[in-house]
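In what follows, a structure is listed as structure tokens, so that the remarks can point back to it.
The values are calculated or read from the model by the stated rules, or taken from the named source; none is laboratory data. Note that this is a predicted model, so its numbers are computed, not measured. In this analysis, Cβ positions are derived from the backbone assuming ideal geometry, glycine residues included, and neighbour counts consider all displayed protein chains.
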Amino acid sequence: MTFKDKVLTACRNMGRRKVRSFLASLGVMVGILTIVVLISLASGVRQHINRQFESVGLDQIVIVPASGFSFPGRGGPAGRNTTGPNNKKIITPDDVARWKTWPGVIAVNPVISLPGSVNLELKWQDKTQSVRINEPLMRPGQALWTAKPEALAGNLELKDSGTIILSRGAARALGLEEGQLSGLSGQNVELVLRTSRNETKGFELKVQGISSELNTTVKVSTADCLAMKCWWFNNDNLLQTEGYDSVVVNCTDVSRAKELTSRFRGDGVQVQSLDIFVEMANRIVVTITIMLVMLASVALLVASIGIANTMIMAVYERTREIGVLKALGASCWDVQWMLIIESGFIGLLGGVLGLLAGWVIGLLLNQGISWYLQYRELAIQGVFFVVTPGLAFIAMVFAAFIGITAGWLPSRRAAGLDPLEALRHE
């Protein structure tokens, strides 16, 4: 028998028992569907992670005093880096000026963080709204699920002092509609600090622009943050005694950022770069995906048992037919390969159905997630279920392999049948 004859015979045998072959392939379909959905989700999430961090800048280095690394705004510096008996190193303007001269450094942006206990009020005309300072440095969690803000009015480049950027949420809270945002740009607003003793201090700032962020936040320059912090702690020499809370360094490229990390550590400060978080996040996603795929493989194990049972029944029903083939000159290998091809086709059929079902489910889930994010007005964009050509190819090969493996033992049994005994079978 030629290979073409074996393939045609296998296809005809599948057609003779259509329902049985389809039911046997359903198990493979469920297993492949589950695996495709899980791996496509992992692929989409990894792409989203890489894309979001790249938009923030993998060439960034975050430097904080050696008292302990923490991103500003949640614990960590909390606006204060006190120098106690241990005399921890602080980040001074001289350090910033020196770092700017290092090769590979594009920009060095110092950050002053206000304490979390500061109550901020934004005043414009006769309206007052509670707001908070939006740190110029996003934490890894923020960078992962926050889209890069766009300018709805004016621009988002702060001047050295005297300017402020409002978020869309803050502008809305002041009673402005979408079409009125541009009218606020260039006007003066007052940012008021209020203590627990009800003491207040106002800072008049000009609106530089309005960002697309939906939370009620504002951005002010480092110089203005320093002035507010000095008033809050009643210390005009705060920068000399406590230094900057953190510094964001932009490097020429990612490799240069990795090289500079050790050099910055030599200055006695703690350093962290975003590419470490990317690598860590990708490892976590891969680990979770492998665990889920292993659980989903149980369905494929059950499916292989179903295919093996189908092929055993096929061998039993076709015992006489196999005897006729052997009597006409078919070898044991011809019979065995004919059944292996048939079981492989059953697995492949389940793989095709599972791949198509997984792809459709991924499209529906992507659309559903997009609608939900738009409904909740969350600034998260991206496709979370991605079926790549490589995933489709591997799914097809794996499904066929499951079918071939499940049909191996039944095919060996058929190949070992004695022709005379098989012809006597009723």
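A compact table of results
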{"quantity": "Where L356 falls short, out of the listed (1) modelled with pLDDT under 90; (2) out of contact with any Gly (no Cβ under 9 Å at 6 or more places or on another chain)", "calculated": "(1)"}
{"quantity": "Filter result for the condition that a residue is under 35 Å from the mean Cα position of the chain (by Cα), at pLDDT 80 or above and within 30 Å of S113 (Cα to Cα), over I49, I35, I61", "calculated": "I61"}
{"quantity": "Scope the range 173-194; condition in a helix (DSSP H, G or I) and either free of Cβ contacts under 8 Å to residues at least 24 places away in the same chain or surrounded by fewer than 16 Cβ atoms within 10 Å (Cβ to Cβ) (or both); matching residues", "calculated": "E178, G179, Q180, S182, G183"}
{"quantity": "Given (1) outside the structural domain of S161 (by TED's automatic domain parsing); (2) crowded, with 22+ Cβ neighbours inside 10 Å; (3) of a type in the set (A, V, I, L, M), index of the condition V285 fails", "calculated": "(2)"}
{"quantity": "Pairs where the first residue, in the range 2-31, is free of Cβ contacts under 8 Å to residues at least 24 places away in the same chain and the second is among the small types (G, A, S) and part of a helix (DSSP H, G or I), C-beta under 9 Å, 6+ apart", "calculated": "G15/S21"}
{"quantity": "Pair list, Cβ under 6 Å, 6 or more apart: the range 112-134 residue within 20 Å of S161 (Cβ to Cβ) and modelled with pLDDT of 85 or more, other residue small (G, A, S) and buried (at least 17 other Cβ atoms within 10 Å of the Cβ)", "calculated": "S113/G79; L114/G79; V131/A170"}
